[in-house]
Amino acid sequence: MIIENIKEGTIEQIRVDNPNNTYININTDIGYRKSRIFSICSNLMIVSFLIRSNRVLANYIKESDIVICAPGGICLGGFYNWSHLYIMKLCNYLAKPIIYYSRSIGPFNPQNILQKFFCSKAQTVLKNVDFLSLRDAKSMDLADTLSISYIKAIDSAFLDVPNVKAPDSVKSKVSSKPYVVFVPNQLTWHPTFCNMTQESIDKSYLKMIEIIACKTDYNIVMLPQLYLSNKSDYEYFKRLQHLSKYSSRIIVLSDTYSSDIQQSIIRSAQMIIGARYHSIIFGINNLIPVIALNYEHKIAGTLDILEIKRRSLDFNSKEAILNFDYKEFEHLIISEQPSKDELKKYAKAAHQIAKSCFNTAFNVISKCNS
């Protein structure tokens, strides 16, 4: 596994013990990004090799038989992730098969010439990968519009329901009374919300906390999902707790727990309210009612695939946040929740889609190796 510029300790969170597995973190050199953008736009990939870290990356890819692009978000789309696109183009340049597994794509709404180049190159890459699976209905609709062939997928977390118990230190914090899990998202890092103040976003979350506290007897467990990130969920959640009139009802957990432990915490909740994608995925996976704060199309698209109705609230623009439907939010909090049978149906459908995609990808990889 090759990763770039990750924080110390992160590899330990994703490591799977196997003698055949190797984990490589490449620290990029000054100028790497500009060289990659130039190489993509000019179709002169060799120019990027003037940067040492690009040569290191190219050598690892050259030694590989197949490149599997792990499940993830809209790097080929709204994030305009040039390094991600560069890796795809580098694979093309070195004639390596690409498995683009269970990802989201789009939207392709360029605002300048550079973004137009990006969208054009990204669409060409997507049309020429050896295997493409998309994990949400919005990405699939976009692919259909662009005549891009794909396999229907869903988030790869649905391949497994981890049987892990939360540490005693966590249990002692959260087990005093029933709780909901609430996962806000700062959002000002996201291109869609760069013109919003953090205060206006915080105000919306604080109103949600007020509704939960006033309309239920539940505690509110705030569960960071970014492991030791520079954009610290933990510090942000502590700040929201400090700003809230209901701070005594709020429990902020550490940002050092693995995704398996996060799922264990969610499994014991009454419901989960999330403005992060995997908070909703983990809720569905563990048969817990969800309320999705839909800030990006991958959340709404996943609920569309599973035909989960009326559990998503728009949180995807400045206007949506400033005019958030708190009455509907309150209704979802206090009304009768989906039955266990309904929750099992959603999870079963998700597991079947995930397994089918995995088996198809495995067969493609086997053929590439033969």
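The numbers here are math on the coordinates, done by the rules we state, and not lab data. Because the structure is predicted, anything quoted here is derived from the model rather than measured. Neighbour counts are summed over all protein chains in view; Cβ atoms, including those assigned to glycine, are modelled from backbone coordinates with ideal geometry.
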Per principal axis, largest first, the Cα atoms of the stretch 144-242 extend in Å by 53, 41, 31
Can you list, bin by bin at 10 Å, the percent of alpha carbon pairs in the stretch 168-347, starting at 0?
-> 9, 40, 40, 10, 0
Dipole moment magnitude, nearest 20 debye, the stretch 1-51 about Cα centre, only Lys, Arg, Asp, Glu C-beta charged = 280 debye
Which whole-angstrom value gives the distance between the alpha carbon centres of the stretch 39-94 and the stretch 152-183?
-> 35 Å
Given the stretch 1-84 reduced to its alpha-carbon atoms as identical point scatterers, what log10 I(q)/I(0) does the Debye formula return at q = 0.18 Å⁻¹?
-> -0.95
Between beta-carbons, use under 13 Å as the cut-off and find the net charge around residue 22, counting Lys and Arg +1, Asp and Glu -1.
-> -1
Compute the signed sum of charges (Lys and Arg +1, Asp and Glu -1) over the other residues within less than 15 Å, Cβ to Cβ, of residue 119.
-> +4
For residue 105, which sequence-distant residues (separation of 5 or more, or a different chain) have an amide H within less than 5 Å of its own amide H, given hydrogens modelled in the peptide plane?
-> 139
What do you get when you divide the Cα radius of gyration of the stretch 289-370 by 2.2 N^0.38 Å, with N the number of residues?
-> 1.48
On full extension of the chain, what length is gained from residue 6 through residue 130, given 0.36 nm per residue of separation minus the C-alpha to C-alpha distance?
-> 41.9 nm
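Strictly over 32 Å apart at the Cα level, which of 116/345; 177/318; 121/348; 127/165; 138/355 would you flag in this model?
On the way: 116/345 42 Å; 177/318 35 Å; 121/348 37 Å; 127/165 43 Å; 138/355 21 Å.
In this structure, 116/345; 177/318; 121/348; 127/165 lie more than 32 Å apart at Cα.
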Cα-Cα P(r), the chain, percent of pairs per 10 Å interval = 5, 22, 32, 26, 13, 3, 0
For the stretch 309-352, just the Cα set please: Rg and Dmax, both in angstrom.
-> 13.8, 38
Once amide H atoms are placed 1.01 Å from N in the peptide plane, what residues at a sequence separation of 5 or more from residue 183, or on another chain, have their amide H within under 5 Å of its amide H?
-> 273, 274, 275
Measuring from the longest principal axis of the C-alpha atoms of the chain, the long axis of helix 113-128 (C-alpha) lies at a number of degrees, nearest 10, equal to 80 degrees
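I'd like the FRET efficiency for residue 152 and residue 245, computed as 1/(1 + (r/R0)^6) with the beta carbon distance as r and R0 of 41 Å, rounded to 0.05.
Working: r = 45 Å, r/R0 = 1.11.
Rounded to the nearest 0.05, the efficiency is 0.35.
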Dividing the helical contributions, -39500 (n - 2.57) per DSSP H run of n ≥ 4, by the residues of the chain yields a 222 nm value, nearest 500 deg cm²/dmol, of -14000 deg cm²/dmol
List the residues whose amide H sits under 5 Å from the amide H of residue 69, counting only those 5 or more places along or on another chain, with H placed 1.01 Å from N in the peptide plane.
-> 99, 100, 101
Where the only charges are on Cβ atoms (+1 Lys, Arg; -1 Asp, Glu), what is the dipole of the stretch 284-370 about its Cα centre, to the nearest 20 debye?
-> 520 debye
Translational diffusion coefficient (Stokes-Einstein; Kirkwood radius from C-alpha pairs) of the stretch 2-153 at 37 °C, 0.692 mPa s, in µm²/s | 202 µm²/s
Divide, for the stretch 1-50, the radius of gyration over alpha carbons by 2.2 N^0.38 Å, where N is the residue count.
-> 1.51
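What does the charge add up to near residue 161, with Lys and Arg as +1, Asp and Glu as -1, over the other residues with Cβ less than 12 Å from its Cβ? Kindly include the intermediate steps, with their values, before the conclusion.
Values: positive: 267, 344, 348; negative: 160, 260.
Around residue 161, the charge tally is +1.
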Find how many whole Å separate the alpha carbon centroid of the stretch 206-278 from the alpha carbon centroid of the stretch 343-370.
-> 32 Å
